[in-house]
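The values are calculated or read from the model by the stated rules, or taken from the named source; none is laboratory data. Predicted model only: the values in this text are computed from it and were never measured. Neighbour counts are summed over all protein chains in view; Cβ atoms, including those assigned to glycine, are modelled from backbone coordinates with ideal geometry. Accessible surface areas use protein heavy atoms only, side chains included; no ligands, DNA or RNA. Shrake-Rupley method; radii C 1.70, N 1.55, O 1.52, S 1.80 Å.
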Amino acid sequence: MPAFVGVVKLNSIGSSGVFHIGDVFAISPQSVTKTFAGAGSFNTGDGLHIYNYYSNTNTNDADVADENIVGNV
């Protein structure tokens, strides 16, 4: 059944977000990210005591593409 849509204002959308108006069969957003972080970067909670006297994060990535999503529908 067709949708009747009035004025739409879109302020922002993320890189892996989907904005669709109207009829749709399936929406399948795909995204690939890589995160580099040092020791103790993702610790959360109350009363944490973290002692990182020496931390080195290796960000050398020699290959061009890690997880290709082209053609994966």
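Scan the stretch 1-36 for residues that are in contact with a Pro (Cβ under 8 Å, 6 or more places away or on another chain) and open to solvent by 80 Å² or more (accessible area, probe 1.4 Å) and jot them down.
If the condition is that a residue be in contact with a Pro (Cβ under 8 Å, 6 or more places away or on another chain) and open to solvent by 80 Å² or more (accessible area, probe 1.4 Å), then ASP23 is the only one that fits.
Confirm whether VAL7 is on the phi < 0 side of the Ramachandran plot, at pLDDT 80 or above, in a loop (DSSP other than H, G, I, E, B) and β-branched (Val, Ile, Thr).
yes
For the stretch 11-41, what are the residues that are without any contact (Cβ under 8 Å) to a residue 12 or more places away in the chain and either aromatic (Phe, Trp, Tyr) or within 22 Å of VAL64 (Cβ to Cβ) (or both)?
Hits for the stretch 11-41 are PHE19, PHE25, THR33, THR35.
When the stretch 41-73 is examined, which residues are found to be within 27 Å of GLN30 (Cα to Cα) and either of a type in the set (A, V, I, L, M, F, W, C) or not in a loop (DSSP other than H, G, I, E, B) (or both)?
Matches in the stretch 41-73: PHE42, ALA62, VAL64, ALA65, ILE69, VAL70, VAL73.
Looking at (1) in contact with a Gly (Cβ under 6 Å, 6 or more places away or on another chain); (2) loosely packed, with under 10 Cβ neighbours inside 10 Å, which one does ASN60 not meet, given that it meets all the others?
ASN60 satisfies every listed condition except (1).
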